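For reference, the structure is listed below as structure tokens.
Each reported figure results from applying straightforward, stated rules to the coordinates on display, with no laboratory input. These figures come from a predicted structure and were not determined experimentally. In this analysis, Cβ positions are derived from the backbone assuming ideal geometry, glycine residues included, and neighbour counts consider all displayed protein chains.
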Amino acid sequence: MQLGLNALLEPGMLVRHPQEPDWGLGQVQSNIGTRITVNFEHRGKVVIDGSRISLQRVFD
């Protein structure tokens, strides 16, 4: 079960990984169960375990 604000993330939303600031801005690609796929500027596509990491939403 997904916890926190990760459950509200939808494709197209912008996020940052709290433990990996060097990855830069990321765009959510999908959010299924606890698996969130994000495409980061400086890291590429990463699948995040949303039950372990709370991504930080970025607002324009």
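Tell me, what ³J(HN,Hα) does each residue in segment 52-60 have, in order and in whole Hz, if you take phi through Karplus 6.51 cos²θ - 1.76 cosθ + 1.60 with θ = phi - 60° and put x for Gly and Pro?
Ordered by residue, 3J(HN,Hα) equals 10, 10, 9, 5, 9, 5, 10, 9, 4 Hz.
Using the Kirkwood radius over Cα pairs, work out the Stokes-Einstein diffusion coefficient for segment 4-58 at 37 °C and 0.692 mPa s, in µm²/s as a whole number.
The Stokes-Einstein estimate is 309 µm²/s.
When you count, for each residue, the other Cβ atoms within 10 Å and take the mean per peptide, how do 41-47, 25-31 rank with the highest first? Write down the numbers at each step before the final one.
Working: 41-47: 12.0, 25-31: 17.6.
Order by mean packing, descending: 25-31, 41-47.
In debye, nearest 20: dipole of segment 4-58 around its Cα centre with unit charges on the Cβ of K, R (+) and D, E (-)?
About 80 debye.
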